[in-house]
Amino acid sequence: MDLADGLLEQPYDVYRRLRDSAPVHRISGPDGTPAWLVTRYDDVRAALADPRLSLDKRHATVGGYRGFALPPALDANLLNMDPPDHTRVRRLVGNAFTPRRITRLRTPVRHTADRLLDVLGPDGTTDLIAAYAAPLPITVISDLLGVPGPHRRDFRVWTDALVAPDPQRPEAARHAVAALLAFFTALIADKRATPGDDLLSDLIAVRDEGDRLSENELMSLAFLILFAGYENTVQLIGNAVLALLHHPDQLAALRADPGRLPAAVEEFARYEGPALLAIRRFPTEDITLGGVTVPAGETVWLSLSAANRDPVRFPGPDRLDLGRDTSGHLALGHGIHYCLGAPLARAETEIALAALLERFPRLALAPADTHDDAGLRWRPSLRARGLLTLPVSYSSTI
């Protein structure tokens, strides 16, 4: 089957049919490459932690992987690495996302959220992605890395071109790559000349003083932190708000007990997480997945969204239930490749929702009918699950 069939319009319906019919399917991947798709929770979870499934494209069958190719200066990142390189590079950046550091970031994140809501005023209509869900995480991750303000809007344009390439404008992705390469080259040169109190300056010091990062690894790591730190969070915030507006009973329960927000974020991630598929993998040897033998070097896609809606693991999976036990959900991965920035994404989403719900007791989709999805635009991507627009009406009065 062609993986694109129906997925852009109704991904969960498609994955439900696939999951019900068989645990593993032979498919044609997003780039036309023959691949294997794994859909059931137990199989996906086991595969995410299986060291025989490599992220390193050098393990792909010769000529068998035709994914979009970044230049080496952006491609030498954690999404393409196995141990021991993965272990070494992840350890160097891990301190930026410890619980203690995330706790220190909560106050500035809330200040940023409040400033963005101040701009909206006490009532009106807006595209919540453009006005709130997107600028909040790009501000937070840019501040963490030390990215100057004038470049932050450009970065959203560049990442959109990579996450959801426009088939009518194939040159847009190439231009975005060139712009990103020039941007990070100049930024690293500036930080070398004038170090700051930021993560990128710290990583440059590791590279230049300890020589534990290659130049390509340094630039690729900066790119990944900014890219993933922005993309995952904007999608999680937008998807969470939409889920609440589609489930007014759950929205009312959350308003009545805001202390449920941390647990609610886990359910939002399970129900409508930021990724439909994990990053592709390549078996280093013939491997059995869901009773199917997959030859070494072929491409394997693990469906996080199908696994998170597997009724064997999560009863009534297509229902948003903020009281559900979400332990073990796979929205942010599992195993050694578990999302490095997950603690920050969780904190930002929790704070963003808390500020929004406190500020606006009345919040609805525009038009007011909360089951009318007119005006919503989803990112045209088979891997990322996120809204391009989320038109809402809001009021600070009850």
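The numbers here are math on the coordinates, done by the rules we state, and not lab data. None of the values given here were measured: they were computed from a predicted structure. Virtual Cβ from ideal backbone geometry, glycine too; neighbours counted across all protein chains shown.
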Antiparallel DSSP beta bridges within the chain, percent to nearest 5: 85
field: Local electrostatic count at G291 - Lys and Arg +1, Asp and Glu -1, tallied over other residues with Cβ under 12 Å
entry: -1
field: Charge context of A253, other residues only, Cβ under 13 angstrom, K/R +1, D/E -1
entry: -1
- prompt: When the Karplus curve 6.51 cos²θ - 1.76 cosθ + 1.60 is applied with θ = phi - 60°, which whole-Hz ³J(HN,Hα) does each residue of the range 386-398 get, with x for Gly and Pro?
  reply: x, 8, 7, 9, 9, x, 9, 10, 8, 8, 8, 10, 7
- prompt: Within the chain, what's the longest stretch lacking GluC sites (Glu not before Pro) that sit in DSSP loops with no more than 13 other Cβ atoms inside 10 Å?
  reply: 10-284
query: Of Y271, P367, L105, whose Cα points farthest to the positive end of the dipole of the range 11-395 (charges on the beta-carbon: +1 Lys, Arg; -1 Asp, Glu; origin at the Cα centre)?
result: Y271
field: Karplus-derived 3J(HN,Hα), 6.51/-1.76/1.60, for each residue of the range 283-288, Hz, glycine and proline x
entry: x, 7, 8, 4, 9, 9
Nearest-0.05 FRET efficiency for A131 and D42, computed from C-beta distance (R0 41 Å): 0.50
- prompt: Amide H to amide H, which residues 5 or more places from L388 or on other chains are under 5 Å from it, using H placed in the peptide plane?
  reply: R377, W378, R379
message: From the phi angles alone, apply the Karplus equation (6.51, -1.76, 1.60; θ = phi - 60°) to the range 256-273 and give each ³J(HN,Hα) in whole Hz, x where the residue is Gly or Pro.
response: 6, 9, x, x, 7, 4, x, 5, 4, 4, 5, 6, 4, 5, 5, 6, 8, x
Cα→Cβ-extended label distance, 7 Å offset, between T194 and D123, nm: 4.6
task: State to the nearest 20 debye the size of the charge dipole of the chain about its Cα centre, where the only charges are +1 on K and R beta carbons and -1 on D and E beta carbons.
output: 400
field: Distant-in-sequence amide H partners of V294 (H built 1.01 Å from N, under 5 Å)
entry: I287, T288, L289
Within the range 282-350, trypsin sites (Lys or Arg not before Pro) in DSSP loop having at most 13 other beta-carbon neighbours inside 10 Å: R319
task: Go ahead and run the numbers for FRET between S393 and T284, Cβ-Cβ distance against an R0 of 45 Å, rounding to 0.05.
output: 0.30
- request: Would you work out which of H329, F183, T397 lies farthest towards the positive end of the dipole of the chain? Charges go on Cβ: Lys and Arg +1, Asp and Glu -1.
  value: H329
